[in-house]
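The values are calculated or read from the model by the stated rules, or taken from the named source; none is laboratory data. Since we're looking at a predicted model, the values are computed, not measured. Neighbour counts are summed over all protein chains in view; Cβ atoms, including those assigned to glycine, are modelled from backbone coordinates with ideal geometry. Keep in mind that these areas ignore ligands, DNA and RNA; they rest on the heavy atoms of the full protein, side chains included. Shrake-Rupley method; radii C 1.70, N 1.55, O 1.52, S 1.80 Å.
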Amino acid sequence: MKLVLLTALGVGGATVIGALIGFIFRKMSHRFSDIVLSFAAGVMLSAAVLGLILPSLEYGGTYGILITVIGIFTGAFCLNLIDKLVPHMHKLIGTDSETHHNANLSKVLLFVTAIAIHNLPEGIAAGVGFGSGNDAQALFIAGGIALQNIPEGMVIIAPMLAAGVTPKKTLICAMLTGVVEVIGTLIGYFAVSLASAILPFALAFAGGTMLYVISDEMIPETHAHGSERGATYALLAGFCIMLISDVLLG
């Protein structure tokens, strides 16, 4: 349990670390932002496939493939539903300066809420990994999510500051989004611990949520500003680094 708690704090704390870096690079170019986010997408993709979906097949037994497929689509569907209820970040705070300066407090709060809600499934994915009893595999998943949280924390700072939020409140908001991941990690861990029979489905569900975020949000965003080639190679780099880590840990 101590390891789970430390991991939860690490996953959530990575967002705060990214936010602190974001204060230093608050005027980062679209190209730099796209490459960083693409690298994070590659990390998440590797963690989702190697750390969640393949283990789901392994623990699923006779009906493993069916359980895994259903879990993936259920996870994706749940995030799709969340997206319909909570607008995307770019819809809440636009990319032009006029939109930034005219954004009111309610939009900023909705912006933070959207980030927090999207962070919850990532935290659950980190917690579910520990349900398999394989700590190395669980740490692999959590490490991938934490690496993804750093650039995510970086890129949310500039829009909030441009919207008129003070640096102190911006940092507090970033910390709160990290707390959501801590809570999600604990929820995932306890849910699987209390009912180990749901482990294959829970792993696939978590993997499906991550695949949805990568395909629906991260890749389109990183290919929207003319940096497609660099973003693609950054994604491959992130995937391969996690692939190598998985082999070394295995």
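Tabulated data for the structure shown
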read-out: Among the residues listed as 118, 101, the single one being within 15 Å of residue 18 (Cβ to Cβ) and modelled with pLDDT under 70; value: 118
read-out: Search result, residues across the range 5-21 that are buried (at least 22 other Cβ atoms within 10 Å of the Cβ) and not small (Gly, Ala, Ser); value: 7, 11, 15
read-out: Any chance residue 186 is more than 19 Å from residue 8 (Cβ to Cβ), surrounded by fewer than 24 Cβ atoms within 10 Å (Cβ to Cβ) and modelled with pLDDT of 80 or more; value: no
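Per-residue answers, yes or no, for (1) at pLDDT below 85; (2) open to solvent by 40 Å² or more (accessible area, probe 1.4 Å):
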residue: 30; (1), (2): yes, yes
residue: 38; (1), (2): no, no
residue: 48; (1), (2): no, no
residue: 58; (1), (2): no, yes
residue: 62; (1), (2): yes, yes
residue: 67; (1), (2): no, yes
residue: 71; (1), (2): no, no
residue: 85; (1), (2): yes, yes
